[in-house]
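These notes concern the structure reproduced below.
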Amino acid sequence: MPDTERNPQLQAEIVGNSVRVLVSYRTFSHACPFRPTFNALTKTPLANLRMKDKWAAQTAAMIEGVSTAQAARRCGVHYTTAFRWRHRFLASLAGDKPKALSGIVEGDETFILQSFKGKRSGLPRKPRKRGGKAAKRGLSAEQIALIVARDRQGATTDAVLAKLNRVSIAAALGGIVRPANAFCCDGGTAIVAFARRAGIAAHILPVPGKPNPSAPDFHLNNVNAYHGRLKEWLRRFHGVATKNLPNYLGWRRTLEALGPNATSTAMILGAIGLGPYQQMTL
């Protein structure tokens, strides 16, 4: 194996209206006469992405949650470019989740209407306009299940479930929610089965919004409030393609984690793999 040398420097900087991403790892091999080097964007979703002078406007538009068309006008690019940029910036954030939750954890499912937005042929049903409504009231095959778990410090993990069953929930929460946690849930068959198989003490809330007076700390108010904020925020997009839903979950999760510290610099760092939860583990 060739002898290598690394000099880590992690920083993104806004200079005027442009972005300067400084070197993260400048790596070279002593055995190689050409001494190749790699910058902060190498092997990240932003590698080879051009027009760095417009990245600050793009990330500012993402923080505000404006439409693709509005982001395109702000950046002075075509709307298809703004859409591609959006998902390049979200690719890493989709996987930026806490490694573990602490203390009391609230877990609950919610449902989002399935969407084939952007697909022009081969639809299994008639297309809907601007998000539309489900053909049937209540839960049905048109609804996509999401699982959200959140601790009292605000750390949040979520996932799109392939099926609403124990296996899917275990794939999403396994190792993140642990036996050391006090796990509050609504008593759904799948989530209770996950807790039992994982050896986690589950506090079942038959009426989620009304905790037992003898145990007022056990409730689902925080995770249900997060569901509400998530759905209200998604409404502006008039339907999100189900295939892109993990990116939008990561987008919202990042904004919640950053709070008032949501800046273009923070979003760019997140896009290159240094999101708020990843930085906690450095």
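The values are calculated or read from the model by the stated rules, or taken from the named source; none is laboratory data. Fair warning: this is a prediction, and the values are worked out from it, not measured in the lab. Counting neighbours? That spans all protein chains shown, and the Cβs are built from the backbone with ideal geometry, glycine included.
Data for the structure
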quantity: Residues (in a loop (DSSP other than H, G, I, E, B), touching a helix residue (DSSP H, G or I) at 6+ places or on another chain (Cβ under 6 Å) and farther than 10 Å from LEU93 by Cα) located in the stretch 251-275; calculated: ALA262
quantity: Test: residue in the stretch 236-255 that is touching a residue at least 40 places away in the same chain (Cβ under 8 Å), surrounded by 18 or more Cβ atoms within 10 Å (Cβ to Cβ) and touching a Pro at 6+ places or on another chain (Cβ under 9 Å); calculated: yes
quantity: Positions within the stretch 58-91 being crowded, with 20+ Cβ neighbours inside 10 Å and more than 18 Å from ALA241 (Cα to Cα), in sequence order; calculated: GLN58, THR59, ALA61, ALA71, ALA72, CYS75
quantity: Residues being touching a helix residue (DSSP H, G or I) at 6+ places or on another chain (Cβ under 9 Å) and not β-branched (Val, Ile, Thr) - total across the stretch 200-217; calculated: 5
quantity: Restricting the stretch 58-112 to residues that are outside any helix (DSSP H, G or I) and of a type in the set (Val, Ile, Thr), the residue that is farthest from PRO216 (Cα to Cα); calculated: VAL77
quantity: Qualifying position, being within 30 Å of ASN48 (Cβ to Cβ) and among the polar types (S, T, N, Q), among ASN247, ASN212, ASN221; calculated: ASN247
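Per-residue answers, yes or no, for (1) of a type in the set (Phe, Trp, Tyr); (2) outside the structural domain of ALA61 (by TED's automatic domain parsing); (3) in contact with a helix residue (DSSP H, G or I) (Cβ under 9 Å, 6 or more places away or on another chain); (4) within 17 Å of ILE104 (Cβ to Cβ):
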{"site": "VAL148", "(1), (2), (3), (4)": "no, yes, yes, yes"}
{"site": "ASP151", "(1), (2), (3), (4)": "no, yes, yes, yes"}
{"site": "LEU164", "(1), (2), (3), (4)": "no, yes, yes, no"}
{"site": "VAL167", "(1), (2), (3), (4)": "no, yes, yes, no"}
{"site": "ALA180", "(1), (2), (3), (4)": "no, yes, no, yes"}
{"site": "THR189", "(1), (2), (3), (4)": "no, yes, yes, no"}
{"site": "ALA198", "(1), (2), (3), (4)": "no, yes, yes, yes"}
{"site": "GLY239", "(1), (2), (3), (4)": "no, yes, no, no"}
